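Okay, so here's the structure we're looking at.
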DNA sequence: CCAGACGTTGTT
DNA sequence: GTCTGG
DNA sequence: CCAGACGTTGTT
DNA sequence: GTCTGG
């Protein structure tokens, strides 16, 4: 799945690769955890790409309590179209979550081992997501997102059997386009990951969401 | 009808 | 808001 | 995802 | 064991 990720690419690279400018400042992050904000790429009503900071953990519009978002950090691509918490966002509010990589924990007898999974060529990529706007009474409205997951690529299954849906180029545009139908969305989720990935084992420092810094993605021995 | 859930992962 | 279970 | 709390009364 | 918060 995808329960922690990394985004440190500079604004220039984001503009070059995704054709969008940051609207709020975002410092490089090596340990983005649920409930924290991250840059999310959406299309506005005019069709232009926009990049804003949203909170991770989708809070459905009907929620009474934002804590429900703690359990909505991922949506299974196989079932997302039918789930009450995601169905409307899936039809009308798709987004891209930008990342330089993500973490997966491999279960071993000795405990869990964290791996950092990133582009072999280097550079950021986009994960398919959904976003939602929650308007609690008497409080400021809150925008949140979730990341879609799918079966992991075969090379990855020794580490973990789920991974985020990663989209690239035209596939990413199709995901964002509000006119894209459900069948085409399904093929986006089932299609090949357009980015070649590799995994490096990292230190357990990443386990604690309070830890932060480039040392978290440094390879460790084994 | 009302009450209560609305999710994923992984493990047994 | 909408569905499931009782 | 992992880490850390998980409770009440009453007092400072 | 299960939930909340980061």
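Since every read-out is calculated from the coordinates, none of them should be taken as a lab result. Small disclaimer: the values here were computed from a predicted structure and weren't measured. Every residue, glycine as well, gets a Cβ built from its backbone with ideal geometry; the counts of neighbours run over all protein chains shown.
Listing for the model above:
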| read-out | value |
| --- | --- |
| Order of A:5, A:26 under a 10 Å beta carbon neighbour criterion, fewest first | A:26, A:5 |
| Exposure proxy order (Cβ contacts within 10 Å, fewest to most) of A:189, A:2, A:95 | A:189, A:2, A:95 |
| Cα-based shape type of segment A:1-65, given that a ≥ b ≥ c are square roots of the gyration tensor eigenvalues and the cut on a/c is 1.5 | oblate |
| Potential extension, residue A:13-residue A:157 segment - 0.36 nm per residue separation minus Cα distance | 48.8 nm |
| Taking A:97, A:206 and counting other C-beta atoms within 10 Å, the order from fewest to most | A:206, A:97 |
| Residue A:139-residue A:187 FRET efficiency (beta carbon distance; Förster radius 45 Å; 0.05 resolution) | 0.70 |
| Per-residue [θ]222 nm for chain A (sum of -39500 (n - 2.57) over DSSP H runs n ≥ 4, rounded to 500) | -3500 deg cm²/dmol |
| Theoretical gain in end-to-end length, residue A:179 to residue A:107 [0.36 nm per residue, Cα-Cα removed] | 21.9 nm |
| Rounded, prolate or oblate (a/c below 1.5 giving rounded, otherwise prolate when a/b exceeds b/c) for segment A:1-134 by Cα gyration tensor | oblate |
| For segment A:180-222 versus segment A:97-128, the gap between their alpha-carbon centres in whole angstrom | 3 |
